[in-house]
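Below is one structure; the comments refer to it alone.
The values are calculated or read from the model by the stated rules, or taken from the named source; none is laboratory data. None of these values were measured; they are calculated from a predicted model. Please note: Cβ atoms are built from the backbone with ideal geometry, for glycine as well, and neighbour counts cover all protein chains shown. For the accessible areas, the whole protein counts, side chains as well, though only heavy atoms, and no ligand, DNA or RNA atoms are used. Shrake-Rupley method; radii C 1.70, N 1.55, O 1.52, S 1.80 Å.
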Amino acid sequence: AVLAAGCSDLGVRNQDAATVNGVGIPTERLTEMTKAQLGQQQQAQQQPGQQQTQDIEGATRQALEGLIQFQLVLDGAKKEGVAIQESDVDARMEQLKQQVAAQGQNYEELLQTRQISEEVLRTQQRVQLAVDLVAVKLVPYSPDAQLRQTLDERKDDFLEVHVRHVLVKDKAAADRVRQELVQGGDWAAVAKESSIDTQSKDKAGDLGFNAKGSTVKPFETAEYKLAAQGDCKGKTSGSCESPISQPVKTQFGYHVLQVVGVRLPALDNELRAKLEPSVRNRRQQAVQRWFDDQVKQAQVTINPRFGRWDAANGKVVPRETAPGGATTTTAGLGRPAQP
């Protein structure tokens, strides 16, 4: 039966890179994660005069360690009764896409440049969500009523603005676009005809809601200045219209923008963490202790093609001899997954 299943004598299928608590990590997933790891190395080396080198075997071992950590986090979260809803993962993915668009970048091109597949990115978001939910269970936040009062007191720090813009290459074009809009031009028509932002030009230039820190600094300065003008001034929710900005220069070109709505964010765990930063250190320590408890009981089996498991240090290391039987150990890892 073992031979028919294509397994090693210690329980790792030939098509798996490792087994964690009986769950196989397919070699295909390791290949994807290794490409992402190499992409990060390449990004880090993109400096003038720096020779580019790629440690493929080292990247493979690091990627496999990450995948092992991912599985341990998901196993541990399940034991805690923490359920990961795919709709919540969807929301995180959409938030990432909006952030990329707000910075004037193309989501698909960015993934390609960093050699990361959407499935790998989605896995990272799923694991990070699991870590966040476990952390909240271990160290709860203060009551929501108290946090909402804090949010109201700090509304200027957390106000989100709904923005539309037209992005062009030069100031002369920006002046022309602004004049057309000020005179009552239709945003949808102007954006479609003139904007070089492929992500928003067919949506009347709509960038959705932006929080502080989510866009480049000149754009952020302009949008929050506009949010304090027109009938947006003093509002914390609802639609409004600010004046249309003068051209704003960023590394992407020249923007003509307008705020069309404001809101305070929903009280989710991400916002709770910002409102109550004092829990951060306690939560990190609690999560680390929780993770250490999980891995002490974990059975990790490594396919010898990719190295061996160093139980003492919790790492995938180069094998010392020619490939033989898979290495199986029960040991801890240094840190929980950090997607």
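Laid out as a table, the results:
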{"quantity": "Principal-axis tilt of helix 144-153 within the chain, Cα atoms, nearest 10 degrees", "calculated": "40"}
{"quantity": "Tilt relative to the chain, helix 86-102 - C-alpha long axis, 0 to 90 degrees, to 10", "calculated": "50"}
{"quantity": "The chain - Debye-derived log10 I(q)/I(0), Cα point model, q = 0.06, 0.12, 0.15 Å⁻¹", "calculated": "-0.31, -0.98, -1.22"}
{"quantity": "Rg over Rh [alpha-carbon atoms, Kirkwood Rh] for segment 215-254", "calculated": "1.02"}
{"quantity": "FRET efficiency estimate (nearest 0.05) - Cβ-Cβ, GLU57 to GLU118, R0 30 angstrom", "calculated": "0.70"}
{"quantity": "Rounded accessible area of PHE209 (nearest 10 Å², 1.4 Å probe)", "calculated": "60"}
{"quantity": "Simple Cβ-charge dipole of the chain, Lys/Arg +1 and Asp/Glu -1, about Cα centre, in debye nearest 20", "calculated": "600"}
{"quantity": "Dipole in debye (nearest 20) - segment 170-253, about Cα centre, beta carbon charges: Lys, Arg +1; Asp, Glu -1", "calculated": "320"}
{"quantity": "Two-site label geometry, LYS249 and ASP175: point separation in nm, points 7 Å out along Cα→Cβ", "calculated": "1.3"}
{"quantity": "Extended-chain gain in nm, criterion 0.36 nm per residue less alpha-carbon gap, GLN146 and GLN183", "calculated": "8.7 nm"}
{"quantity": "Stretchable slack from THR198 to LYS35, in nm (0.36 nm times residue separation minus alpha-carbon distance)", "calculated": "56.0 nm"}
{"quantity": "Net lengthening on full extension, GLU80/ASP268 (0.36 nm per residue, minus Cα-Cα)", "calculated": "65.7 nm"}
{"quantity": "Spatial separation of Cα centroids for segment 276-294 and segment 205-239, in angstrom", "calculated": "34"}
{"quantity": "Accessible-area value, CYS232, 1.4 Å probe, nucleic acids and ligands omitted, Å²", "calculated": "0"}
{"quantity": "Relative contact order for segment 124-253, counting Cα pairs under 8 Å that sit 6 or more residues apart, in percent", "calculated": "25"}
{"quantity": "Contact order relative to length of segment 70-140, as percent, for alpha carbon pairs under 8 angstrom and 6 or more apart", "calculated": "54"}
{"quantity": "10 Å binning of all Cα-Cα separations within segment 193-274, expressed as whole percents from 0 upward", "calculated": "16, 47, 30, 7, 0"}
{"quantity": "Candidates GLY253, GLY66, GLY205: whichever shows maximal mean-square fluctuation once the chain is modelled as a Gaussian network with Cα springs under 10 Å", "calculated": "GLY253"}
{"quantity": "Using alpha-carbon coordinates, inclination of helix 217-226 to the longest axis of the chain, degrees", "calculated": "50"}
{"quantity": "Choice from LYS97, LYS79, LYS315 showing the highest fluctuation, given a GNM over the chain with Cα pairs closer than 10 Å", "calculated": "LYS79"}
{"quantity": "Efficiency of FRET between ARG319 and ASP231 - r from beta-carbon atoms, R0 51 angstrom, step 0.05", "calculated": "0.15"}
{"quantity": "Rel. contact order, % - alpha carbon contacts under 8 angstrom, at least six apart, the chain", "calculated": "21"}
{"quantity": "Top of ASP186, ASP293, ASP310 by mean-square fluctuation, Gaussian network on the chain, Cα under 10 Å", "calculated": "ASP186"}
{"quantity": "Calculated [θ] (222 nm, deg cm²/dmol) that DSSP helices of n ≥ 4 give over the chain, each run adding -39,500 (n - 2.57)", "calculated": "-15000 deg cm²/dmol"}
